[in-house]
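The values are calculated or read from the model by the stated rules, or taken from the named source; none is laboratory data. Small disclaimer: the values here were computed from a predicted structure and weren't measured. Backbone-built Cβ (ideal geometry, glycine too); neighbour counts: all protein chains shown. Surface accessibility is based on the protein's heavy atoms, side chains included, excluding ligands, DNA and RNA. Shrake-Rupley method; radii C 1.70, N 1.55, O 1.52, S 1.80 Å.
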Amino acid sequence: MYRLYHFPLSPFSRKVRLVLAEKGIEVELIEEKYWEARPEFMRMNPSGKVPVLKTDKLTLGESNAICEYIEEIHPEPALMPVDAAKRAEVRRLTTWFDDKFYREVTLNLLGERLQKKVMGGGYPESKNVKMGAKNIRYHLSYMTYLLDRRRWLAGDRMTLADFSAAAQISCLDYISDVDWNSHELVKEWYAKIKSRPAFRSLLADQLPGFPQPPHYADLDF
Ligand SMILES: N[C@@H](CCC(=O)N[C@@H](CS)C(=O)NCC(=O)O)C(=O)O
């Protein structure tokens, strides 16, 4: 039995939820307000970050450690290629979205517009929001470059890199910060991934005080 301590609009939690759902693994979701630093949660993961996966045998933090653990225990359907060079490309892009995209885009947009309010951390800093809005264009262009050459972000098969990207982008789509009209290939890619059964639970997420925009759960957005 798996239990996942998560936050609905945490991209890293979303990536793990997508991997579990894609592999058809049942999970009990426990919403964790990580900024409250609950002592029991801090004991489980001294970094104080979500997600944390708990099984009968272990308690594990760090989304990629969790995803690769799940991949090894439940190899089908595979989200990592067999070939070492292809696996390296998946890891490069997973890190791109978890690190670069998260710092340059997600923190500046979602962090300012939503996380600050949810955590009671004050008003959005407009210079950060502007920076996030500028940076997302660069990232969507890079995704377009990749998708012009490949069916999925890291190659011809869907991998963890696609879930890593979709997890970040779905959070920004929840606050209507993705300009779909200017990035047709990214829109097609997102429509494909969004229509997978694994995405359903993310599309049902509701954050009190932040209603979903109508297009968010619409598969023909
Ligand atoms: N590298 C971590 C990042 C997780 C992360 O930053 N989660 C955020 C929520 S989206 C968090 O818990 N932040 C709390 C903190 O940084 O103290 C992972 O991949 O799991």
Pick out, from W189, L203, P214, the residue whose Cα sits farthest towards the positive end of the charge dipole of segment 125-221, with +1 on the Cβ of Lys and Arg and -1 on the Cβ of Asp and Glu.
-> W189
Kirkwood Rh over alpha-carbon pairs of segment 108-158 plugged into Stokes-Einstein at 20 °C, 1.002 mPa s gives a D in µm²/s of 169 µm²/s
Among the chymotrypsin sites (Phe, Trp or Tyr not before Pro) within segment 12-43, which fall in a DSSP loop and have no more than 15 other Cβ atoms within 10 Å of their own Cβ?
-> none
Rounded to whole Hz, the Karplus (6.51, -1.76, 1.60) HN-Hα couplings of segment 114-119, x for glycine and proline | 10, 4, 4, 5, 4, 8
Kindly flag which residue pairs out of K49/K134; K116/K192; K49/K116; K54/K116; K23/K192; K100/K127 have an alpha-carbon separation exceeding 21 Å in this structure.
-> K49/K134; K116/K192; K54/K116
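Over all directions, average the projected area of the Cα convex hull of segment 84-199 and note it in nm².
The Cα convex hull of segment 84-199, projected and averaged over all directions, gives 7.4 nm².
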How high is the relative contact order of the chain, in percent, counting Cα pairs under 8 Å that sit 6 or more residues apart?
-> 22 percent
How large is ³J(HN,Hα) for each residue in segment 4-15, as worked out from phi by the Karplus curve 6.51 cos²θ - 1.76 cosθ + 1.60 (θ = phi - 60°), to whole Hz, x for Gly and Pro?
-> 10, 8, 8, 10, x, 9, 9, x, 5, 5, 4, 4
Dipole magnitude of the chain about its Cα centre (Cβ charges: Lys, Arg +1; Asp, Glu -1), debye to nearest 20 | 420 debye
Return the carbon/sulfur percentage of the accessible area of segment 1-112, one whole number, probe 1.4 Å, all protein chains in place.
-> 53 percent
For segment 149-221, with only Lys/Arg (+1) and Asp/Glu (-1) charged at the beta-carbon, what is the dipole magnitude about the Cα centre, in debye rounded to 20?
-> 400 debye
Remind me, relative contact order of segment 84-199 in percent, using alpha carbon pairs under 8 angstrom and six or more residues apart?
-> 31 percent
Going by accessible area, probe 1.4 Å, with all protein chains left in place, what is the ranking of V82, V27, V186, largest first?
-> V82, V27, V186
For the chain, evaluate the Debye formula with one uniform point scatterer on each Cα (no solvent term) and list log10 I(q)/I(0) at q = 0.09, 0.15 Å⁻¹, rounded to two decimals.
-> -0.34, -1.01
Cα-derived Rg to Rh of segment 1-103, Kirkwood definition | 0.97
Whole-Hz Karplus couplings 3J(HN,Hα) for segment 17-32, θ = phi - 60° and coefficients 6.51, -1.76, 1.60, Gly and Pro as x, run 4, 5, 5, 4, 5, 4, 8, x, 9, 6, 9, 8, 9, 10, 6, 10
Ellipticity estimate at 222 nm from DSSP helix runs (n ≥ 4, -39,500 (n - 2.57)) divided over the chain, nearest 500 | -13000 deg cm²/dmol
